[in-house]
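To start, the structure itself, in structure tokens.
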Amino acid sequence: MAGISIGRFGLNPTLGEIHADSMKLDGDTFTVSGDLIRAAADTDALSVIKLRAVCQQIVGMVAAGAGEIVVPLVWSESTQFDGWWRPISAEHDLAHPVLQGETLRWQFQLERVSGWRAPWLEHRAQLTLLPNDHSLVPVTNFTGPAVGGSAGELSPYPTGGGPTPFAAGDGSTSLWRLEWGSAAETVRRVDYRYAGLAAAHYTGAATIDTYYGTSVPSTNLTGEETEWYPVVGRQVSTPYLRVGNGMVRVRPMDWSTGAGGRAEFEWWSGSAWVSHMFEFGSAGTTSWNTADVSGFGPTLTGVHVLRNSPETSTIRAIYDVYQRGSAQVDFTVRRGGKTVSIVMTEPVGTARQWMIRPVTATPTTSVDAGTMAQTTASSNRKLVFMCPTTHTRNLATGEMFITTANATGRFGVGMQHNTGTAWHESIAAMTAHYYSQPSLKLVAAGR
Amino acid sequence: MATGDWSVTLRDDTPWRVTDLCDPDQVGYASLVVAPVRIPDGAATAARVWSSGMYSGVLRRQSQRLVLSGPGTVWWAGGEDGSGDWEWTWTDAAVTFSAAVASLSARYLAVFGVPVPFRSWTVPGGTIAGTRSPTSTSGTLRQKMDYLVSLWTDVQWRSDGRGGIEFADQYGLYGLFGPLGPSFAAAMLGPFADGIEAGFPGFNARTTAAKHLEQYATAIGVENGGAATYATLTTSYRNPVGDLARVTRHLSSPQTVAGDLASVAAAELDLVDTFAWSVDVSIVSAYAPADTIKCGAQVWLADDAQGLFGLPADRFFWRGELVCPVLARVVGHQWPIEDGMGVYLLWQTGASSTTVIDLSDWVEWEPPGSRMTVGLPDLDLATVVAQRQMRI
């Protein structure tokens, strides 16, 4: 599309094209600015909601802990500036974007990254295996965006041993996945560098969206509102957040939407988002089937961003727990993954029996001690449920609960895309992305 | 400010009758106690103030009427300059750690006719194996305390913040029992690590990390006047010629009996047998971090940008992702006296009468943010504060 995009700002087609009208290049410092207009009549005009979304994307770029150390810039009117830059400042001059006819002026100041057109993007993963009770040691993998070619320029530097590169397209998202596996390599730090196109950096990226509408958003089961827009950084304080990567998506929910103590997990069917509701709970040291069960809800008391980067994004939802205070549930989605990682704890650290189950009973089949999959596919896709801790499962309903009390409840929910192994869609390949779980971070850029 | 020392500044408008009560001439050697909260006026008895303390010190100086300062309570065992009663001996044969601790205080009582000048003297927990035969021919009580803990591996003593001394390993002192996981340390420190998760606190902190081999040794020889006994290890480092590196350190410990030299050498080598992290940590802003992170406690450090990466076996979930932080020991902690704390002088007016002087209304509070120095996971605190002679 035309216009300019700096990081995620200007990238979302629903928000419309953003155009810059002024720029200054001073050595390696680039200052670029433009107007956004709030007016119904203007073709470039934005509604109040869209202005809020765009304003958040501007200030979020440099808020503390923003999560992206460098951002790609793509400018169709002036492609000589396309490349990677480090945000120094981001500002706009409108505090309350509600008045019709008001013009909002935005400005970014960026510093050139060395090798800026195609720098090495160095990613570091601290370790590669989720501790689990099932002796699972899956193939480890690292996923990146389309880089023009099968795997673009890729220079993996694991500490010891060598991976087997295996570029795998993934339908419309054009990702690639590097896989390797050997017992000796499963728990250690790895470094990967790849260089690719600025325009492709956000393909399949982990994205956090927030909702700016005035009504309470409903789920896809009933027809979803459209006013969800991507968030940049952590500087967002609406009560609704969801995290996804273009293939799967998850959103914590509360009573006000008629579904307490729950989360909506969605997968992309190829043409639409398909919704599955899950609910959570925890029990004390007595058996699960007694009265000491506390389902989460009814109120989601807060939700905020822990990490927002294209490789990994995490949101934390604080659920009210009946007569116990609260529980913190962290939802993490990674680029190229078809699983959502869910971690539940209580702030005071009490050991509980944790439970997750689909709201609608879903018949499942055991795959291994840590994984079970929906028995019958729909639209070529199956729900997959994972739990790294020793747990009890109900194959008829899809319920998993951890019977030994633990301070942390860990689960994964995912989607198996049922078109065969060529595109690494087997359950084994898909769950590998959950059980081998590098905490990927972009740590350096330059060449 | 030296290790263990304190300083409190009172406000300009502090009444004279309050500053008169801080005059070292009248209330010299009064104990200063800092509590994490103020105790209501009517309830501030000496017993309650002591039991609430998170730090205790000794008043020795009043400067310009408003600035009070002095050393920590440990000063009563002997100053860092070696001051204190030094001409007394302490020997015992084949005693366990707990017995040695009790024996030292019994010996002090026998020699000086009064108990040790601390409100408690305990081994709070933990299991320390082995018997030793302490032989101390001279030295202050403090030097004897350092000597006692040098005989066993990874034990230390500490001031409990309430006028008492505790002797134990890190499990006994900081309550860090149990399997590996977050609770193996007192807190998580790192950028944006603040919050509490599964009962485990995190503090937003900045780290300056250095990794070094400056204390590393391949062999340590300990002698007590005669030939040295060596503890050695097999190294992987090599010298420029290509042979295995020889980095030998000399420890002179005249008060160690011959039979214990090997244990002391092994204990010392255990401290320096790997590279060390030397890390400064600044906590950005948190109330009374000293209440949670006591000096000597273990902490997790998670700061990717500084290259802090711990053992894969220590990995656990933190803020939704798997982290692999470094386990470190806090060997120094400098923290401010902040608004909300209680500051008290406890003036012992007689053998069993104490006057409580509440300074909390008059303290010039300091801004938040503390600095800690952390070191090797198993760095013995006594190594840092004891007076030893080590030569390269």
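Observations
- Fully extending the segment from B:Thr91 to B:Ala210, taken as 0.36 nm per residue of separation minus the present Cα-Cα distance, adds 38.7 nm.
- Modelled FRET efficiency - R0 41 Å, A:Asp368 with A:Leu25, Cβ distances, 0.05 increments: 0.15
- Per-residue mean of C-beta atoms belonging to partner chains within 10 Å, peptide B:319-329: 6
- Sequence-distant residues sharing a close amide H with B:Ala245 (under 5 Å, placed H): B:Tyr237, B:Arg238, B:Asn239
- Chymotrypsin sites (Phe, Trp or Tyr not before Pro) within the stretch B:189-285: DSSP coil, no more than 13 neighbouring Cβ in 10 Å: B:Tyr237, B:Phe275
- Amide proton proximity set for A:Gly246, modelled H, under 5 Å, gap of 5+: none
- Panel order for A:Glu264, B:Glu364, A:Glu77, by other beta carbons found within 10 Å of each beta carbon, from fewest to most: A:Glu77, B:Glu364, A:Glu264.
- The stretch B:118-145 residues near the modelled B:Tyr29 label - backbone nitrogen below 12 Å, point 7 Å along Cα→Cβ: B:118
- Each residue of the stretch B:220-235 was assigned a 3J(HN,Hα) from its phi angle through the Karplus expression (A = 6.51, B = -1.76, C = 1.60, θ = phi - 60°), giving 10, x, 10, 10, 10, x, x, 6, 8, 9, 10, 10, 10, 9, 9, 9 Hz with x at Gly and Pro.
- Spin-label pair B:Arg60/A:Ala361, simplified geometry with 7 Å Cα→Cβ offset, distance in nm: 7.7 nm
- Computed over the stretch B:185-299, Kirkwood Rh from alpha-carbon pairs, angstrom: 17.2 Å
- Normalising the average separation of contacting C-alpha pairs (under 8 angstrom, six or more residues apart) by the number of residues puts the relative contact order of chain B at 18 percent.
- Whole-Hz ³J(HN,Hα) from phi, Karplus 6.51 cos²θ - 1.76 cosθ + 1.60, for the stretch B:190-206, glycine and proline x: x, x, 6, 8, 5, x, 10, 9, 6, x, 10, x, x, 10, 6, 9, 10
- Residue mean of other protein chain beta carbons inside 10 Å, A:404-410: 3
- Kyte-Doolittle mean at least 1.0 and Cα axial length at least 15 Å: DSSP H helices in chain B: B:97-112, B:261-271
- Backbone HN-Hα couplings from phi across the stretch A:337-350 [Karplus 6.51/-1.76/1.60, Hz, Gly and Pro as x]: x, 10, 10, 10, 8, 10, 10, 10, 9, 9, x, 7, x, 5
- Difference of contour (0.36 nm per residue) and Cα-Cα distance, A:Thr397 to A:Thr214: 62.3 nm
- Peptide A:346-354 is shielded by partner chain Cβ atoms: per residue, an average of 3 of them sit within 10 Å of its Cβ.
- The ranking of A:Val384, A:Val216, B:Val222 by Cβ neighbour count inside 10 Å, starting from the fewest, reads A:Val216, A:Val384, B:Val222.
- Net charge contributed by nearby residues that have their C-beta within less than 15 Å of A:Gln80 (K/R +1, D/E -1): 0
- Amide H partners (placed H, <5 Å) of A:Leu94, local residues excluded: A:Arg105
- Inter-label distance for B:Arg48 and A:Ser378, nm, one decimal - labels placed 7 Å from Cα along Cα-to-Cβ: 6.4 nm
- Counting Lys and Arg as +1 and Asp and Glu as -1 over every other residue whose Cβ lies under 13 Å from the Cβ of A:Leu11, the net charge comes to -2.
- Likely footprinting exposure, B:Ser52, B:Ser150, fewest C-beta neighbours within 10 Å first: B:Ser52, B:Ser150
- Summing charges over neighbours of A:Gly60, with a neighbour being any other residue whose Cβ is under 11 Å away from its Cβ, gives +1 when K and R count +1 and D and E count -1.
Readers should treat all values here as calculations from the given coordinates under stated rules, not as data from a laboratory. Predicted, not measured: the structure shown is a model, and the values here were computed from it. Every residue, glycine among them, receives a Cβ derived from its backbone with ideal geometry; neighbour counts consider all protein chains shown.
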